[in-house]
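Report on the following structure.
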Amino acid sequence: MRHLTIALVPLVAALALLGCGGAPAPVPGAEPAWTPVADPGFLDQLAATYRFRLGRPSALEVLPDGSGVLFLRSGPRSFERALYRFDPATGQAHELLTAATLLGGGAETLTAEEKARRERLRLAAKGIARYRLSADGKRLLVLLSGRPFVYDLATKQATDVLGADAEPVQDAHLSPDGARLAFVRGGELFWTPVADAKPVQLTTGASDTVSFGLAEFVAQEEMGRLEGLWWAPDGSAIAYQRTDTAAMERFHLATLTDPAVPPQASPYPRPGKANAEVRLFVRALEAPAPVEITWDRAAHPYLARVVWPEDGPLSLVTQNRRQTELTLRAADVATGAVTDLITETDPAWVELDAQMPRWLPKGCQFLWTTERNGAWQLELRNADGSLDHALTSPDAGYAGLAHLDTERGFALFQGGPDPTQQHLYRVHLSGKPPEALTTAPGLHGLAVAKKAALALHTHTPERGPTAWTVRPLTEDGALGEPLGTLPSVAEAPGFEANAQWRQVELAGRQHHALIIRPRNFDPAWRYPVIMHVYGGPTHAMVRRAAEGLERDQYIADHGFIVVRADGRATPGRGRDWARALGADFAATALEDSVGLVQALGGALPELDLARVGVYGWSFGGYLAAMATLRAPDTFKAGVAGAPVTDWRDYDTHYTERYIGLPDTEKATYDASDVLTYAPALRRPLLLIHGTGDDNVYFAHALRLSDALLRAGKDHDFLALAGHSHMVSDAAVVRGEYGRVLRFFQQHLGHPQRR
């Protein structure tokens, strides 16, 4: 379950005239009412700009030779992306490629497979939604309407590799030198030269249940592995996945607004049920038959990661079903035999790192990460898997690898001891302690050219917009003076969030919280509170960054104080913190949510603890529903967006990692399910769910609504017709957020004088 935030935003202040929002009309002779400061035009702006995301540089790639930076960008109110190139010599960016240019002015038509892929990526973009750069940085691949186009950066010429009349392609990958193209069509794997298309079919046997070269659902949704084929470094062979879903259940998505459209069936892996059967093969382009890479798939059915490095062996990371064991294996592509290099174990679960392993030149060593000592560490390992030495300590707050320079002997990584921030650090491969490269508060990121000293430094500060700055990288790994910035055309709201970051002590633990007050905050008033929650094990809500707070600020400006707080089980605080899930899935998150809002109320008298609401989406929707049902003394109203209500109906890889298998952990599943507590509802609850959601299926909200109805419990239900787990339609966004605000205004009221 990857995080997706849906914010709380109201309808225009004019709704006050209808009794739906804003401040109540003053009564002659009475004490003046609190007056909202919110901009009535903000909601339209928020919806039209896709929550201010449109127009920002994205899909950033620093060319390996340092000659430029590629990025995608749309207009400020358009989802249509084009490809741009920034030139460090001039400090300017120019448009390089558009979908209309490639398609000859024709409209893009998304295949069902591409729609599903974009849903896994939470990607609402159109036009050139994504691209792939060849390893040498000379060519890039764009897939439009199922047609692979290869663009040569030197000649500025695009090749429609298969032609407009060819059957649509499901996925495509360039060889490292950009001369060959591998693709999947009809479930079979093909390859062809780019310059002279002569497709060669490498596999046979595809069917309704068997495919080659495509990642299965849980790999894409939960493991962060979107690909199912991997080129050899020299382009002479391809490793590919064979997927068999015959034993799996089929879930169906219906177009509920048009009964004439047949339901779409997809294999879905429910907890305790069958997963896809995944095998790995290697096929040399000139060989008559493939070689299967064999390991104990009965013990380790999950293929979590595959890496075919320029130096080093074909490497794969596998997991057991319960995810308490993870093994890194090196494969012999000639025989298919594997050698186990590292095995990580944890009685709760072992986390995946999609960046690892990272092989060093000559294949004599590789980088690895582990939590075995209580928190993430970066290690240098020898080719046989033995530990050379740890590069970071558990208290370094390692969060991700940014760059590796073996010639100069250092690595750059993101992290730091404060989980609300992300800084850049340099660590020498010889083992010297890490050194901080950034100090400005906020979130820092870095992308570096593979063969040149050029870097793209991203900084999202605690006040102000994100900046994408191109800088030289010095010989010792420091960031040089700016060469220019990637231009953003994104709109900005006409205000800055009135945000306060603070720490809260709860049961001897220090938690991070964020308080958003109205811009016209007056301590003489007491304000109803809305707790904006996620609470799940993969996402933290409190980050020291201004962007992303605009929506919470807007609802605060209508007479609320919005609170975000991270309890146990959220990431960034070490192994024990992350695994403190409690007796059921919601227990710890719910306990900490109650404790944190009460602790904040005790310290901040402007928070009216008699009027607290809770809101969230996805896991946050699950937690909001649980909070409304199980903690009614604290939470007086709740809005649950796209909630999982029965974990037996979510996917295997996510659910079983945290609460085990239904057959052996029945009591845990019962305690973790929202449906169990439906008869206890005694507070207002609004359910929101997209009918086309293929991550958390619409059935979750529907079943909870049915359980509440059967228990005689009134509730509200907002169905978003045809929408998936992400909602991008401006009109629907506007209506949804207005409904949420009116719900809280109705049930929590307005500020009151102390």
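The values are calculated or read from the model by the stated rules, or taken from the named source; none is laboratory data. What you see is a predicted model; the values in this text were computed from it and never measured. All Cβ positions, even for glycine, are placed from backbone atoms using ideal geometry, and neighbour counts span all protein chains on display.
Check Leu479, Leu514, Leu456 and return the single one that is within 30 Å of Leu83 (Cα to Cα), in contact with a Phe, Trp or Tyr (Cβ under 9 Å, 6 or more places away or on another chain) and not acidic (Asp, Glu).
Leu456
If Gln92 satisfies every condition in (1) touching a residue at least 12 places away in the same chain (Cβ under 8 Å); (2) under 30 Å from Leu253 (Cα atoms); (3) not assigned by TED's automatic domain parsing to the domain that holds Asn695 but one, which is the exception?
(2)
At pLDDT below 95 and out of contact with any Pro (no Cβ under 7 Å at 6 or more places or on another chain), is that true of Arg408?
Values: at pLDDT below 95: yes; out of contact with any Pro (no Cβ under 7 Å at 6 or more places or on another chain): yes.
So Arg408 fits the description; yes.
Collect the residues in region 651-670 that are touching a residue at least 60 places away in the same chain (Cβ under 8 Å) and farther than 15 Å from Ala586 by Cα, keeping them in residue-number order.
Asp651, Thr652, His653, Leu661, Pro662, Asp663
Residue by residue through region 118-161, note down the ones that are more than 25 Å from the chain's Cα centre (by Cα) and acidic (Asp, Glu). Steps first, answer last, please.
Here is the first cut: in region 118-161, the residues more than 25 Å from the chain's Cα centre (by Cα) are 136-139, 147-161.
Listed by number, the residues that qualify are Asp136, Asp152, Asp160.
Could you tell me whether Gly178 is among the small types (Gly, Ala, Ser) and surrounded by fewer than 16 Cβ atoms within 10 Å (Cβ to Cβ)?
The answer is no for Gly178.
Can you tell me which residue in region 182-209 is surrounded by the most Cβ atoms within 10 Å (Cβ to Cβ), limited to those that are of a type in the set (Val, Ile, Thr) and touching a Lys or Arg at 6+ places or on another chain (Cβ under 7 Å)?
Val194
Sort out for me the strands (runs of 3 or more DSSP E) sitting completely within region 358-406 that have 3 or more residues that are touching a residue at least 40 places away in the same chain (Cβ under 8 Å) and touching a Gly at 6+ places or on another chain (Cβ under 7 Å).
Hits in region 358-406: none.
Scanning for something farther than 24 Å from Glu95 by Cβ, of a type in the set (Lys, Arg) and not assigned by TED's automatic domain parsing to the domain that holds His511, does region 429-439 turn up at least one residue?
If we filter region 429-439 for residues that are farther than 24 Å from Glu95 by Cβ, which is where we start, we get 429-439.
Now drop any that are not of a type in the set (Lys, Arg), which leaves 432.
Now restrict to residues that are not assigned by TED's automatic domain parsing to the domain that holds His511: 432.
Yes, region 429-439 contains a residue that is farther than 24 Å from Glu95 by Cβ, of a type in the set (Lys, Arg) and not assigned by TED's automatic domain parsing to the domain that holds His511.
Return the total of residues in region 69-86 being buried (at least 22 other Cβ atoms within 10 Å of the Cβ) and either part of a loop (DSSP other than H, G, I, E, B) or among the basic types (Lys, Arg) (or both).
3
Among all residue pairs at least 6 apart or on different chains, which show Cβ distances below 7 Å where the first residue, located in region 329-350, is surrounded by fewer than 16 Cβ atoms within 10 Å (Cβ to Cβ) and in a strand (DSSP E or B) and the second is hydroxyl-bearing (Ser, Thr, Tyr) and modelled with pLDDT of 95 or more?
Asp340/Thr327; Thr343/Thr327; Thr345/Thr324
With respect to the numbered conditions (1) closer than 19 Å to Gly409 by Cβ; (2) at pLDDT 95 or above; (3) surrounded by fewer than 18 Cβ atoms within 10 Å (Cβ to Cβ), which one is the sole condition not fulfilled by Asp476?
Unmet condition: (2).
So, in region 558-568, exactly how many residues are surrounded by 24 or more Cβ atoms within 10 Å (Cβ to Cβ) and either among the hydroxyl-bearing types (Ser, Thr, Tyr) or outside any strand (DSSP E or B) (or both)? Quick ask: steps written out before the conclusion?
Filtering region 558-568 down to residues surrounded by 24 or more Cβ atoms within 10 Å (Cβ to Cβ) leaves 558-563, 565-567.
So of that shortlist, the ones also either among the hydroxyl-bearing types (Ser, Thr, Tyr) or outside any strand (DSSP E or B) (or both) come out as 558-560, 567.
So the count comes out to 4.
Going by the conditions given, is Thr324 of a type in the set (Val, Ile, Thr), in the same structural domain as Ile238 (by TED's automatic domain parsing) and touching a His at 6+ places or on another chain (Cβ under 6 Å)?
Here the answer is no, as Thr324 does not meet what is asked.
Examine region 252-260 for a residue that is farther than 25 Å from Thr343 by Cβ and within 25 Å of the chain's Cα centre (by Cα), and state whether such a residue exists. Outline the logic, then answer.
Pass one, region 252-260, residues farther than 25 Å from Thr343 by Cβ: 252-260.
Filter once more, keeping what is within 25 Å of the chain's Cα centre (by Cα): 252-253.
Yes, region 252-260 contains at least one residue that is farther than 25 Å from Thr343 by Cβ and within 25 Å of the chain's Cα centre (by Cα).
For region 663-686: of the residues being under 23 Å from Asp633 (Cα atoms) and in contact with a Pro (Cβ under 6 Å, 6 or more places away or on another chain), which is surrounded by the fewest Cβ atoms within 10 Å (Cβ to Cβ)?
Selected residue: Arg682.
When Pro487 is evaluated against the numbered criteria (1) within 30 Å of Gln45 (Cα to Cα); (2) crowded, with 18+ Cβ neighbours inside 10 Å; (3) under 27 Å from the mean Cα position of the chain (by Cα); (4) not polar (S, T, N, Q), which criterion, by number, is the only one it fails?
Condition not satisfied by Pro487: (2).
Would you mind telling me which numbered condition in (1) surrounded by fewer than 21 Cβ atoms within 10 Å (Cβ to Cβ); (2) touching a strand residue (DSSP E or B) at 6+ places or on another chain (Cβ under 8 Å); (3) at pLDDT 95 or above His689 fails?
Against the list (1) surrounded by fewer than 21 Cβ atoms within 10 Å (Cβ to Cβ); (2) touching a strand residue (DSSP E or B) at 6+ places or on another chain (Cβ under 8 Å); (3) at pLDDT 95 or above, His689 comes up short only on (1).
Does region 665-674 include one or more residues that are among the aromatic types (Phe, Trp, Tyr) and within 16 Å of Pro271 (Cα to Cα)?
yes
Could you tell me whether region 155-173 includes any residue that is crowded, with 18+ Cβ neighbours inside 10 Å, in contact with a strand residue (DSSP E or B) (Cβ under 9 Å, 6 or more places away or on another chain) and under 21 Å from Leu456 (Cβ atoms)?
No, region 155-173 contains no residue that is crowded, with 18+ Cβ neighbours inside 10 Å, in contact with a strand residue (DSSP E or B) (Cβ under 9 Å, 6 or more places away or on another chain) and under 21 Å from Leu456 (Cβ atoms).
Conditions tested, residue by residue: (1) touching a residue at least 40 places away in the same chain (Cβ under 8 Å); (2) under 29 Å from the mean Cα position of the chain (by Cα); (3) buried (at least 17 other Cβ atoms within 10 Å of the Cβ).
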residue	(1), (2), (3)
Asp694	yes, yes, yes
Ala701	yes, yes, yes
Leu708	no, no, yes
Gly712	no, no, no
Ser724	yes, yes, yes
Val733	yes, yes, yes
Tyr737	yes, yes, yes
Leu748	yes, no, yes
Gln752	yes, no, no
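Being in contact with a Phe, Trp or Tyr (Cβ under 6 Å, 6 or more places away or on another chain) and either surrounded by fewer than 21 Cβ atoms within 10 Å (Cβ to Cβ) or modelled with pLDDT under 95 (or both): is that true of Leu378 here? Working first, answer last.
Numbers: in contact with a Phe, Trp or Tyr (Cβ under 6 Å, 6 or more places away or on another chain): yes; either surrounded by fewer than 21 Cβ atoms within 10 Å (Cβ to Cβ) or modelled with pLDDT under 95 (or both): no.
Judged against the criteria, Leu378 is not a match.
Filter the strands (runs of 3 or more DSSP E) completely within region 421-513 down to those with at least 1 residues that are basic (Lys, Arg). Lay out the reasoning, then the answer.
Numbers: elements: 423-428, 442-448, 454-461, 467-472, 499-506.
Output list reads 423-428, 467-472, 499-506.
Does region 583-596 include one or more residues that are part of a loop (DSSP other than H, G, I, E, B) and either surrounded by fewer than 24 Cβ atoms within 10 Å (Cβ to Cβ) or in contact with a Pro (Cβ under 6 Å, 6 or more places away or on another chain) (or both)? Reasoning before the result, please.
Residues of region 583-596 that are part of a loop (DSSP other than H, G, I, E, B), as a first pass: 583-586.
From what is left, the residues that are either surrounded by fewer than 24 Cβ atoms within 10 Å (Cβ to Cβ) or in contact with a Pro (Cβ under 6 Å, 6 or more places away or on another chain) (or both) are 583-584.
Yes, because at least one residue in region 583-596 is part of a loop (DSSP other than H, G, I, E, B) and either surrounded by fewer than 24 Cβ atoms within 10 Å (Cβ to Cβ) or in contact with a Pro (Cβ under 6 Å, 6 or more places away or on another chain) (or both).
Does Arg297 satisfy the criteria of being surrounded by fewer than 20 Cβ atoms within 10 Å (Cβ to Cβ) and under 24 Å from Thr209 (Cβ atoms)?
yes
Against the conditions (1) surrounded by 14 or more Cβ atoms within 10 Å (Cβ to Cβ); (2) touching a residue at least 60 places away in the same chain (Cβ under 8 Å); (3) closer than 28 Å to Tyr554 by Cβ; (4) not aliphatic (A, V, I, L, M), where does Glu496 fall short? Just the number, please.
(2)
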